[in-house]
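Notes to accompany the following structure.
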Amino acid sequence: MPKATKTKFVGWFPSTTATDYEAGIDTDEKHSGTRCAYIKSLVPEPKQFGNLTQAFAPDKYFGKRLRMSAWVKTELKNQGKAQLWLRIDSADESKKGQITAERFDNMGSRPIQGSTDWAKYDLVVDVAEESTLIVFGLMLIGEGQIWLDDVSFEAVSKDVPLTGKKRCGYPEYPVNLNFEED
């Protein structure tokens with residue numbers, strides 16, 4: 001049985017507001033080093049999701065394409081899924097400084113499912129000059145346990161394809177305005 005402990009994360013915020021999840025540090029399971037983070041469901045049919053989050057200033061990446069890489073391992077059951085996510089925020093001056101997500105990728109179209117060994121995943125988004133914050137994390141939706149280790153960020157060439165979308169993944173134009181599409 002892996003040694004798992006609930007603990008405070010330096011720099012990370014376990015936002016497992018739902019009581020159906022727990023986040024902690026595992027000292028037996030890891031990709032490298034001596035430990036990694038985990039999120040696990042505590043009940044057979046958990047509601048909401050468990051999440052680990054961190055944020056930092058975007059200054060180093062203004063006007064660049066940013067790749068976030070992370071190593072994830074999963075033991076997921078009953079349609080459970082794991083998703084890394086990366087969001088680039090900016091202040092919307094027209095809305096009195098309200099924060100707007102300008103770029104976003106949450107692996108919604110490519111979640112990690114089933115049981116997997118450690119694998120590296122990449123998320124790639126552009127960081128605009130007016131960006132104010134980079135926010136990222138890992139979430140568990142459903143039943144199981146996931147582990148996270150060795151997260152890294154690097155500026156990459158514009159030749160590297162984007163994985164994220166502009167404005168939180170909303171379409172650029174409205175669709176099905178006459179309600180005729182299935």
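The values are calculated or read from the model by the stated rules, or taken from the named source; none is laboratory data. Remember, predicted model here, so these are calculated numbers, not experimental data. Every residue, glycine as well, gets a Cβ built from its backbone with ideal geometry; the counts of neighbours run over all protein chains shown. Calculation scope for accessible area: heavy atoms of the full protein, side chains included, ligands and nucleic acids excluded. Shrake-Rupley method; radii C 1.70, N 1.55, O 1.52, S 1.80 Å.
Of the strands (runs of 3 or more DSSP E) entirely within segment 84-182, those holding at least 3 residues that are at pLDDT 90 or above and either open to solvent by 90 Å² or more (accessible area, probe 1.4 Å) or among the β-branched types (V, I, T) (or both) occupy 115-127, 131-156. Close contacts from segment 52-68, counting a first residue that is in contact (Cβ under 8 Å) with a residue 60 or more places away in the chain and a second that is of a type in the set (S, T, N, Q) and in a strand (DSSP E or B), with Cβ to Cβ under 8 Å and a gap of 6+ residues or different chains, come to P58/S131; P58/T132; Y61/S131; F62/S131; M68/S152. Of all residues in segment 18-61, those being within 30 Å of A128 (Cβ to Cβ) and surrounded by fewer than 13 Cβ atoms within 10 Å (Cβ to Cβ) number 3. Checking each residue of segment 29-36 against the condition of being hydroxyl-bearing (S, T, Y), over 25 Å from Q113 (Cβ atoms), at pLDDT below 85 and not in a strand (DSSP E or B) gives no match. Under the condition of being surrounded by fewer than 21 Cβ atoms within 10 Å (Cβ to Cβ) and closer than 25 Å to A57 by Cβ, the residues counted in segment 72-83 number 0. Remark: pairs (first residue in segment 152-169, within 19 Å of K60 (Cα to Cα); second residue of a type outside the set (S, T, N, Q) and modelled with pLDDT under 75; Cβ separation under 8 Å; 6+ apart in sequence or on different chains) are absent.
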